[in-house]
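Enquirer: A single structure is presented below for examination.
Each value in this text was obtained by applying a stated rule to the coordinates, not by laboratory testing. Since this is a predicted model, take the numbers as computed values, not measurements. So basically every Cβ, Gly included, is an ideal-geometry build from the backbone, and we count neighbours across all protein chains shown.
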Amino acid sequence: MKRIGFFLTFILLSAGVSLFAQADLDEPSFFDTQDSSTVVENTDVAGTVDFLAEDAPITISEQQVLSVLWNIDPSVSAEPMELTALLTLVQAAVSDTPQTMPDTANLPSGVLNNPYYRESLRYKALAEDAFEYGDYDAAATYAAEALKNAQLSYDYINLQLTIKSAKDALVAAKSRLDWATSIGADKTYPKQYSAAQTAYGEASQALTEERWQASLAASQRVLDALASVQQLDPLPARYTVRPWAQTKDCFWNISGYAFVYGDPTKWKLLYEKNKSKLRQPDNPNLIHPGLVLDIPSLYGEVREGMWVAGRAYAPLPKAK
């Protein structure tokens with residue numbers, strides 16, 4: 001019965017290990033920040049991976065099987081092992097793995113054929129040999145080590161995917177920020193542009209410090225801040241009064257234009273700035289067509305040039 005149980009274990013183990021990577025790949029060719037010669041040295045006896053600062057989540061079934069297999073005591077005979085329960089846990093881990101494995105299509109072969117994966121294959125071969133010779137205690141120990149290293153390979157692949165995602169996101173954030181700079185978003189969308197600049201600095205710093213998830217989040221904030229930015233002209237700094245019969249231009253109505261203040265109650269600001277130009281400076285109700293009004297900044301927004309009918313202007317920033 002024990003032989004049959006272990007035989008089933010190795011069938012499942014063979015299927016499970018193959019899910020973590022592909023055999024017969026080239027030697028490691030990791031991302032430019034990785035050193036394959038030091039990876040295995042970063043693990044302790046309990047299987048904890050020091051460099052996994054932000055681990056991918058482990059499914060419940062995987063955690064269960066690892067908690068059983070990683071704590072097998074080689075000094076205890078395999079005879080009393082609950083093989084049926086053990087096989088159930090292994091089957092659960094194997095069944096869940098396809099749903100939780102990352103998309104490795106764009107990863108270098110060296111990431112898939114990593115030291116943990118190769119170690120899992122080595123232990124698998126040792127387990128098979130020990131089983132053939134009838135040394136079931138050794139076979140159980142080697143099988144546990146094979147599964148442990150397969151899980152470490154899985155975590156390592158997830159880490160490399162996270163690193164790649166963080167780098168790609170930073171490139172995308174920089175591209176968007178450069179575009180915003182090129183269209184003068186610092187003037188047309190000063191609040192959004194400033195937020196994007198700050199977030200980009202945080203993303204770059206986090207990437208340098210190998211805080212991958214923090215870098216990803218900050219890069220996304222760059223894109224979010226600039227999502228509504230369009231190629232628009234800055235708000236105008238001057239406006240030419242048009243005839244009353246056509247536009248009903250007065251300080252009240254002009255202040256209500258979206259490219260001025262979008263609020264007619266701000267007319268006094270416009271009047272005080274331009275009263276010296278009026279024919280009757282003390283009479284804000286009397287303005288004449290052709291008068292060029294200066295439009296003072298309301299919220300610190302950048303303004304420049306003359307208003308041109310039909311031109312798309314940046315939105316007025318909200319009150320601080």
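Enquirer: I'd like the per residue volume of the convex hull spanned by the Cα atoms of segment 233-320, given in cubic angstrom.
Expert: Cα-based convex hull of segment 233-320, divided per residue, equals 89 Å³.
Enquirer: Next question. With the crude spin-label approximation of a point 7 Å out along Cα→Cβ, what separation in nm comes out for Tyr133 versus Trp179?
Expert: 6.4
Enquirer: Roughly how many debye, to the nearest 20, is the charge dipole of segment 169-240 about its Cα centre, given +1 on each Lys and Arg Cβ, -1 on each Asp and Glu Cβ, and no other charges? Numbers along the way, then the final one.
Expert: Details: 7 positive and 7 negative charges, 46 e Å.
Computed about the Cα centre, the dipole is about 220 debye.
Enquirer: Now a separate question. Cα-based count: Lys pairs in segment 233-320 below 20 Å, eight or more positions apart or different chains?
Expert: Close lysine pairs under the 20 Å cut-off: 11.
Enquirer: Which loop chymotrypsin sites (Phe, Trp or Tyr not before Pro) in segment 224-320, with loop taken from DSSP, have no more than 13 other Cβ atoms within 10 angstrom of their Cβ? Before the final figure, lay out each step's value.
Expert: Values: sites: Tyr239, Trp244, Phe251, Trp252, Tyr257, Phe259, Tyr261, Trp267, Tyr271, Tyr299, Trp307, Tyr313; in loops: Tyr257, Phe259, Tyr261, Tyr299, Trp307.
In loop regions of segment 224-320 (DSSP not H, G, I, E or B), the sparsely surrounded chymotrypsin sites (Phe, Trp or Tyr not before Pro) are Tyr299.
Enquirer: Let me ask another. What is the fewest-to-most order of Arg303, Arg279 by other Cβ atoms lying within 10 Å of their Cβ? Numbers along the way, then the final one.
Expert: Working: Arg303 21, Arg279 9.
Ascending Cβ contact count within 10 Å gives the list Arg279, Arg303.
Enquirer: Take the Cα coordinates of segment 164-225, assign each an equal point scatterer, and use the Debye formula without solvent to give log10 I(q)/I(0) at q = 0.12, 0.14 Å⁻¹.
Expert: -0.25, -0.33
Enquirer: Let me ask something else about it. Net charge around Gly262, counting only other residues with Cβ within less than 15 Å of its Cβ (Lys, Arg = +1; Asp, Glu = -1)?
Expert: Net local charge, Gly262 excluded: +1.
Enquirer: Sort Thr181, Thr265, Thr188 by Cβ crowding within 10 Å, fewest neighbours at the top.
Expert: The most exposed by this proxy come first: Thr265, Thr181, Thr188.
Enquirer: In segment 253-320, what GluC sites (Glu not before Pro) fall in a loop by DSSP, with at most 12 other Cβ atoms inside 10 Å?
Expert: Taking segment 253-320 and a limit of 12 other Cβ atoms within 10 Å, the loop GluC sites (Glu not before Pro) found are Glu304.
Enquirer: Using Cβ counts within 10 Å as a stand-in for footprinting exposure, how do Lys318, Lys273 rank, fewest first? Spell out each step's value before the answer.
Expert: Numbers: Lys318 7, Lys273 13.
With the sparsest Cβ surroundings first, the list reads Lys318, Lys273.
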